[in-house]
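One structure below.
The values are calculated or read from the model by the stated rules, or taken from the named source; none is laboratory data. Computed from a prediction, not measured in an experiment: that's the story for all the values here. Ideal geometry is used to build each Cβ from the backbone, glycine not excepted, and the neighbour counts take in all protein chains shown.
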Amino acid sequence: MADKNSEIEIYIPQSLKGIVDMIAQHKSDTPCHFLALPNSKVQLVFLLEGSQVERFYIDKNKSQFLPNDSSQFVIALSSQTRPLEARYKSANAITVSMNPVAAMAILEIPASEIKDLHFEPTTLGNLNQLQDTLNSLPTFQHRAQYLEKFLLARLNASRYSEQTLGKITTVKTLHSGSIPSFIETELNFDRLHYSSSHMRKLCNEWLGVTYNEYLLHKKFRKAMYALNYENHSLTEIAHNLDFYDSAHFTRTFKRFAGMTPKAYQNSQKGLIPEFIILE
């Protein structure tokens, strides 16, 4: 979804509502170097035949796994507070975008352990079989439905399945409609009445950050969309999103994006405003 010459198809897996926002396939023959702003999601990226990825990392001090240096083709990542940087010559990839509870529900890994990290998700089982199946299926619809069934089976078999369902009862739509079928949701833990110590432990495992940090990040995401799709000044956006003032808004935005709101407004975007084209 980075460069605007991309071909995008999106599928919404209804059986995984609250856990998986969408499954998308991105194809492009145009080389692209980009930043993807943090989205606080857990994502699975399946590199299909024709993908040539040269650079891919969130925090290069933690991980420098490059897909083309490996026989594996699946990347799991969770960009919470740092942008992802990537460069490809060509892309043919399926991305599964999931709420952070998927770390426990699907991967059976505490969300805090994969914060701002990308890695090979060996807990998913036979990755080579997944690769062969996805490459052999004839259409995106078939591939998306296959992944939906695969992830649903993972969820049903997970020891955290029942706990997961209790945490996705009040999922809200944060944004929709940037491109057809695009959706981004957010979790709401306001109704989970636990002690402060239990809430910290719960959020560490299921969100990867404190609840206040998660909510602040969602304000950042709403601001990102507002800067692109609403005709409001920075002061108006800060007020509408309940920042203390414009300075607080600017500090918060820069903390997650690595740039000021004004610099972001002036940057070249991809198909969705999460992607900033570097070259």
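Could you tell me which residue of region 125-143 is modelled with the lowest pLDDT, considering only residues that are surrounded by fewer than 17 Cβ atoms within 10 Å (Cβ to Cβ) and under 21 Å from the mean Cα position of the chain (by Cα)?
Here is the first cut: in region 125-143, the ones surrounded by fewer than 17 Cβ atoms within 10 Å (Cβ to Cβ) are 125-129, 132-133, 135-139, 141-142.
Okay, now just the ones that are also under 21 Å from the mean Cα position of the chain (by Cα), so 127, 141.
Details: 127: 85, 141: 98.
Across region 125-143, the extreme among qualifying residues is 127.
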Options 147, 165, 174, 155: the member that is under 17 Å from the mean Cα position of the chain (by Cα) and closer than 19 Å to residue 207 by Cα: 174
Helices (runs of 4 or more DSSP H) wholly inside region 128-242 that include at least 2 residues being touching a residue at least 12 places away in the same chain (Cβ under 8 Å) and within 17 Å of residue 101 (Cβ to Cβ): 140-157, 161-165, 196-206, 211-229
Options 181, 158; residue that is in contact with an Asp or Glu (Cβ under 7 Å, 6 or more places away or on another chain) and within 26 Å of residue 10 (Cβ to Cβ): 158
